[in-house]
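The values are calculated or read from the model by the stated rules, or taken from the named source; none is laboratory data. Every value quoted in this text rests on a predicted model; they were computed, and no experiment measured them. Don't worry about glycine lacking a Cβ; one is built from the backbone with ideal geometry, like all the others, and counts go over all protein chains shown.
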There are 2 protein chains.
Amino acid sequence: MTPIYFDNAATTPIRDEVIESMAKVMKHSYGNASSTHSFGRSSKVLIEGVRNSIASYLNVSASEIVFTSGGTEADNLALRSAARDLGVRRFITSKIEHHAILHTLDQLQLEYNLEVDFVNLTGDGQIDYEHLELLLQGDKKTLVSLMHINNEIGNILDISRVALLCKSNKALFHSDTVQSVGHYNLNLKDISIDFLAASAHKFHGPKGVGFAFIRKNSGLKPLIFGGEQERGIRAGTESVHNIVGLGESFKLAYDNLEVESAYVRHLKLYFMDRLKGAIPKVEFNGCSGDLDKSTYTSTNVRFPLSADKGAMFMFQLDLKGIACSKGSACQSGSSQNSHVLNEILSLDQLQKPSLRFSFSIYNTKDEVDYVIDTLKALIET
Amino acid sequence: MTPIYFDNAATTPIRDEVIESMAKVMKHSYGNASSTHSFGRSSKVLIEGVRNSIASYLNVSASEIVFTSGGTEADNLALRSAARDLGVRRFITSKIEHHAILHTLDQLQLEYNLEVDFVNLTGDGQIDYEHLELLLQGDKKTLVSLMHINNEIGNILDISRVALLCKSNKALFHSDTVQSVGHYNLNLKDISIDFLAASAHKFHGPKGVGFAFIRKNSGLKPLIFGGEQERGIRAGTESVHNIVGLGESFKLAYDNLEVESAYVRHLKLYFMDRLKGAIPKVEFNGCSGDLDKSTYTSTNVRFPLSADKGAMFMFQLDLKGIACSKGSACQSGSSQNSHVLNEILSLDQLQKPSLRFSFSIYNTKDEVDYVIDTLKALIET
């Protein structure tokens, strides 16, 4: 059987149309977008076209979109400059953020005189909004960084509520929206957010490109200094083909959002239904069993297995040609447990193996059937 | 006539083989290189293959090669961490470095208690090595950053000599080798350099990818924090297709170096000879008229024209389908003169228009003929 890819939260296959656009750009539009001659201007036109189209979709100005090498760089750009240039002396975040936030804040604490506060979480990994409101009452200049959709358990943040809370308490608001851009509508005219980070490879675009939204007049300064690219906020020759790939995948994601999200949502429901039928004692971590409170693209399953049997579980699935994940790919180099699950599960629950299954338009019900049968067989042996 | 691209120092056309490899990777190897399942491992194998091949060519360890989004990021990584983590309190550089160095040092001076000293230049833009030796005699912890090949005037640094000077004076040595990697042989076993920066799009590879060489046990820490990618020194999902494109273009550049560099060198000579014949009063900035002291890939020409006629010179060439440059593309967003020429030319010389013509394997003698004829006609009207 062809291997099955249920790890779309780690990265997604690139759409054929996107690959074709990128190959075309690489072949015919090789000018440096900063060059003033015709070759340069052609590249510039491509880049500004993507910027306009993303800005228009998000309902912001083109000048508020800054292309980066991905979500992690965009996160670093906002957080570092907030500490260095904007006078932020306190960060409020949660312990289940991506490491692009948590490790960056660890570093910034070494460099600057900063307080980092963590908002309380409910048992299913949701933000305690009352606690956030309480934390916001200090008078140090504060930035709140909370991700829109958690990359491991899929919990959806009430981003508008957090934005309002921040606004009324004069705090800046940054959100890692890497798991939501391309999958959920975002109208930044209605959400008073200051900074967000997105990454093309999470919505069938290329790896190594993303963007930061930086609200006008924010005062943010570069992470990478040098040339005057990106209106002076991000130096380095623009990756024209990657930016075009980002634009194409962004456009296709939103042009087809209704149909495609319905398809993937249906697949997740089908997976959960079949799973509960086949292995009645499975549980869902965080809110990932609830389609209203978690993303339609993934679910995080806790299996009724002992620790010793669980240790090899993902490896056995891999041998059967099934790709899923124990958590964030960015962490899988290390042998430690997921810091997200560590935070929200009890010691007993942590003994059982948990796996994230994440879906895309390229998955099918047949694949779900095969995966469920395989899981059932592995658990029963 | 098809437009003529004589701006290969700004960026180069991508080789067809490179585009094909990248498209293949995008189509078939979409796994996240940090994922432990088969999809992830396939991507990891591709990346490590490139790392090994670059390391082996440069005669260093694979762990000393760190992939970045390009040369500018690699420069920023080394310089920032040197100031922050390595205790460097003095930088020695020159006023004709790329802005990726100069603007980064400007910023670092705002953030850290740093001294920045500039080595003297000779009239043709060469480093005054005796002055460098003198500067190195201080006792503050020092890093020297001098580019191997100047991107505007093409002057070649005696990189081995600088490396030895740094070593014997216990200074760190960083070099922006963006214009030399892929065009000149570099054996880092013989050159005691600590850090270098390279960029694929300068040698017929993709834009938005490059690498830093970071000498083992240097203590360098990340610029971008987050996941454990690149052995913890550069967070963010790896751009697998771009890294493969970097690897393929690097390999092709060095496999064909002898033949291709001879071809381009011959083209530059032909261009200079014809130019001197057609416009006897032209002059060459820096060492760019001397093939021993400047790169075979470019030349920087000063035309015998008055300031008022010179102002529109590049624009007129562009209208005739000829792409060349007033200097670094990274600067051309701004209307200021080249900081490199400002540094080495007299006020009188600066009144005359200077243009950089840079060549690649895709250029021909016919193109040179057309460009020379066009230049002659423009100057005579």
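Brief remarks follow.
- Single residue of A:Glu260, A:Glu248 found to be surrounded by 16 or more Cβ atoms within 10 Å (Cβ to Cβ), within 14 Å of another protein chain (Cβ to nearest Cβ), in a helix (DSSP H, G or I) and not aromatic (Phe, Trp, Tyr): A:Glu248
- Within region A:277-298, residues that are of a type in the set (D, E, K, R) have Cβ atoms under 9 Å from residues that are surrounded by fewer than 17 Cβ atoms within 10 Å (Cβ to Cβ) in these pairs: A:Lys281/A:Pro304; A:Glu283/A:Pro304; A:Glu283/A:Gln349, counting only partners at least 6 apart in sequence or on another chain.
- Criterion (modelled with pLDDT under 95 and either within 26 Å of B:Lys207 (Cα to Cα) or of a type in the set (Asp, Glu) (or both)) met by exactly one of A:Thr36, A:Thr72: A:Thr36
- Residue match in region B:323-344 (condition: over 20 Å from the mean Cα position of the chain (by Cα) and at pLDDT 95 or above): no
- Pick from region A:207-228, criterion at the interface with chain B (Cβ under 7 Å from one of its Cβ atoms) and over 16 Å from B:Gly236 (Cβ atoms), ranking: surrounded by the most Cβ atoms within 10 Å (Cβ to Cβ): A:Gly226
- Residue, farthest from B:Asp373 (Cα to Cα), within region B:1-11, restricted to residues that are more than 7 Å from chain A (Cβ to nearest Cβ) and buried (at least 18 other Cβ atoms within 10 Å of the Cβ): B:Ala9
- Test: residue in region B:246-265 that is in contact with a Lys or Arg (Cβ under 8 Å, 6 or more places away or on another chain) and of a type in the set (S, T, N, Q): yes
- Extreme residue, surrounded by the most Cβ atoms within 10 Å (Cβ to Cβ), among residues of region B:163-180 that are without any contact (Cβ under 8 Å) to a residue 60 or more places away in the chain and out of contact with any helix residue (DSSP H, G or I) (no Cβ under 7 Å at 6 or more places or on another chain): B:Thr177
- B:Leu305 assigned by TED's automatic domain parsing to the domain that holds B:Ile344 and either surrounded by 21 or more Cβ atoms within 10 Å (Cβ to Cβ) or in contact (Cβ under 8 Å) with a residue 12 or more places away in the chain (or both): yes
Let's see how each residue does on (1) in contact with a strand residue (DSSP E or B) (Cβ under 8 Å, 6 or more places away or on another chain); (2) in a loop (DSSP other than H, G, I, E, B):
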{"position": "A:Tyr254", "(1), (2)": "no, no"}
{"position": "A:Val264", "(1), (2)": "no, no"}
{"position": "A:Tyr270", "(1), (2)": "no, no"}
{"position": "A:Lys281", "(1), (2)": "no, yes"}
{"position": "A:Ser288", "(1), (2)": "yes, yes"}
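- Checking each residue in region B:293-309 for being over 17 Å from B:Ser325 (Cα atoms), modelled with pLDDT under 95 and among the charged types (D, E, K, R) picks out only B:Asp308.
- Answer from B:Phe359, B:Phe284, B:Phe271, B:Phe313 - the residue that is surrounded by 20 or more Cβ atoms within 10 Å (Cβ to Cβ) and either modelled with pLDDT under 95 or on the phi > 0 side of the Ramachandran plot (or both): B:Phe313
- Region B:276-316, residues that are within 14 Å of another protein chain (Cβ to nearest Cβ) and touching a His at 6+ places or on another chain (Cβ under 8 Å): B:Met314
- Enumeration of residues in region A:12-21 that are surrounded by fewer than 24 Cβ atoms within 10 Å (Cβ to Cβ) and assigned to a loop (DSSP other than H, G, I, E, B): A:Pro13, A:Arg15
- Among the residues here, A:Ser298 does not qualify as among the hydroxyl-bearing types (Ser, Thr, Tyr) and either at positive phi or in contact with a Cys (Cβ under 7 Å, 6 or more places away or on another chain) (or both).
- Among the criteria (1) free of Cβ contacts under 8 Å to residues at least 40 places away in the same chain; (2) of a type in the set (S, T, N, Q); (3) within 13 Å of B:Gly236 (Cα to Cα), the one A:Ser192 does not fulfil is (3).
- Options B:Asn8, B:Asn59: the member that is modelled with pLDDT of 95 or more and not assigned by TED's automatic domain parsing to the domain that holds B:Glu248: B:Asn8
- Residue that is among the β-branched types (Val, Ile, Thr), farther than 27 Å from B:Asp190 by Cα and out of contact with any His (no Cβ under 7 Å at 6 or more places or on another chain), where the choices are B:Val25, B:Val45, B:Val50, B:Val66: B:Val45
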